[in-house]
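Undergrad: Got a structure here, written out as structure tokens. Questions coming.
No lab work stands behind these numbers, since they all come straight from the coordinates. Treat the numbers as computed from the prediction; the structure is a model and nothing was measured. So basically every Cβ, Gly included, is an ideal-geometry build from the backbone, and we count neighbours across all protein chains shown.
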Amino acid sequence: MTQDAPRARGLSHGDRDQNPSGIGLLALIREDLRTHDDDLLAPGFWALCVQRLGNARMRVPAGILRAPLSVAYRAAFHGVIALWGIDLPYNVRVGRRLRIEHHGCLILGARSIGDDVIIRHSVTIGLTRRNGAEFPEIGNRVEIGPGACIVGGIQIGDDVYIGPNTVVGRDVRAGTAVVGLPPRTLELSELDKSYANKAANDPGTAAPAPPPQAGAVRRR
Amino acid sequence: MGTASVETVRGDARSADELPLLELLVEDFRTHERKWGSPGFWAVATHHAGERIDRLQAPLLRRPLAALHTLVSTAVDWVWGIHVPRSTKLGRRVHIWHFGSTLLRARSIGNDVHIRHDTTVGPVRSADNHEPEALPIIEDGVDLGSGTCIMGGVTVGQGAVVFANSVVLEPVPPGVTVFGVPARIIPRR
């Protein structure tokens, strides 16, 4: 995020440890487990664990010492893809407390993912097209609904909600919600007028042409 | 709730709770075209069995069976990606087609519901709101296309059809067809 020119938004080369600084590896993994409800059966935790270890191995000098670690990392990386369909390469810079809910068809090719991000299944983060070179940057406290696609060299600001099955190809301002297809931007405060509370369980209120609000439960 | 239409037509108005477990599992097997390899059959049958195991009184019987249930449901989840949380109330003859990324965190799912792959049923925001009011109700005979998301405390009415990749955030009246993000009602021809 810092050292690159604005247009150079490719993935990092993965030549160094990009785990969050200021926390040890074991403490970091312990925190990731806590983020996944201390559930050792959570695929999201294991995918993240492999990603953290893949980064940590880059501290070991290249050559005969690192080679076996790299082989083990690659085996685990492909195992996570084969078993759970979570593709989270080690050269994606991932912040603290990322929560991957459920699994299946998660392609997470972001330049960076911030702290306290929640990603649900079937989310694609990556290139706009095959020979593109620019990857998205995801801010802090972002929640990404199932089936969403976030593509291109865009920036998703902090405190953003991206709705289910939404395709995002433009920058998203901090504190907003992006919902629908084609996507529309709402203020998070609009989203706070909890659709779920307002209309819960009342099929009689559904109008033939529903209002544009996508609605959500309240934050925090 | 909602046992009127489809059930009485078939002359059997018992709910999933009232049916003997074996009969229920046989019915699930038949619903999934009598295929042992059908991921949906394993997901639904495991869930139905799990509900009965939870009801067992004797801890000596319940605990090992509950552990076995966790093992099998985790295997179904990991291998095929179909996750039906314990809290979801599942009706009879629910048919889950195909596999992959199917997460059914509903308050209840009725009888004769068809669910396809990549379907998400759950709260709008995942972080903190799992109380029943924030979860959808899928009534009897609903047909969910692949890639659909049913989010928040909405009710999808009896016999409604949700087309593929639609996102339902509003209650859906019985019998209608909805499509789009967010889903809108398609008028009948």
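Undergrad: Given N residues in the range A:105-200, what is its alpha carbon radius of gyration divided by 2.2 N^0.38 Å?
TA: 1.04
Undergrad: So what are the ³J(HN,Hα) numbers for the range A:130-137, from phi and the Karplus equation (6.51, -1.76, 1.60; θ = phi - 60°), rounded to whole Hz, Gly and Pro as x?
TA: Coupling constants for the range A:130-137: 4, 9, x, 9, 10, 10, x, 10 Hz.
Undergrad: Using the 10 angstrom Cβ neighbour count as an exposure proxy, how do A:Leu69, A:Leu106, B:Leu24 rank, fewest first?
TA: A:Leu69, B:Leu24, A:Leu106
Undergrad: With only Lys, Arg, Asp and Glu charged, each at its Cβ (+1 for the first two, -1 for the last two), find how big the charge dipole of the range A:105-200 is about the Cα centre; round to the nearest 20 debye.
TA: Around 420 debye, computed over the range A:105-200.
Undergrad: So for B:Val156, A:Val92, fewest C-beta neighbours within 10 Å to most, what's the order?
TA: Lowest to highest Cβ neighbour count: A:Val92, B:Val156.
Undergrad: Tell me which DSSP H helices of chain B clear both cut-offs, 18 Å or more of axial length from alpha-carbon atoms and a mean Kyte-Doolittle hydropathy of at least -1.0.
TA: Span-like helices, by this rule, are B:39-55, B:59-80.
Undergrad: Report, in debye and to the nearest 20, how large the dipole of the protein assembly as shown comes out about its Cα centre when Lys and Arg carry +1 and Asp and Glu carry -1 on their Cβ.
TA: 840 debye
Undergrad: Roughly what percent of Cα-Cα pairs across the range B:12-133 reach past 25 Å? Write down the numbers at each step before the final one.
TA: Numbers: 1536 of 7381 pairs.
When every Cα pair of the range B:12-133 is considered, 21 percent fall beyond 25 Å.
Undergrad: Which order do A:Ser189, B:Ser166, A:Ser21 fall in if you start with the one that has the fewest other Cβ atoms within 10 Å? Don't jump to the answer; show the numbers that get you there.
TA: On the way: A:Ser189 11, B:Ser166 26, A:Ser21 6.
In increasing order of surrounding Cβ atoms, one gets A:Ser21, A:Ser189, B:Ser166.
Undergrad: Quick one: dipole size for chain B, taken about the Cα centre, charges +1 on Lys/Arg Cβ and -1 on Asp/Glu Cβ, in debye to the nearest 20.
TA: Computed charge dipole of chain B: roughly 220 debye.
Undergrad: Report the calculated FRET efficiency for B:Val72 and A:Leu25 (r = Cβ-Cβ distance, R0 = 45 Å), to the nearest 0.05.
TA: Efficiency computed from Cβ-Cβ geometry: 0.85.
Undergrad: Further, regarding this structure: Using a simple spin-label model with points 7 Å from Cα along the Cα→Cβ vector, what separation in nm is obtained for B:Glu33 and A:Asp39?
TA: Computed distance between label sites B:Glu33 and A:Asp39 equals 3.0 nm.
Undergrad: So what is the calculated 222 nm ellipticity per residue for chain B, using -39500 (n - 2.57) for each DSSP H run with n of 4 or more, over all residues, to the nearest 500 deg cm²/dmol?
TA: -9500 deg cm²/dmol
Undergrad: Defining a contact as two alpha carbons under 8 Å apart and six or more residues distant in sequence, what relative contact order in percent does chain B show?
TA: 13 percent
Undergrad: Quick one: compute the contact order of the range A:56-112, relative version, from alpha carbon pairs under 8 angstrom and 6+ residues apart, as a percent.
TA: 30 percent
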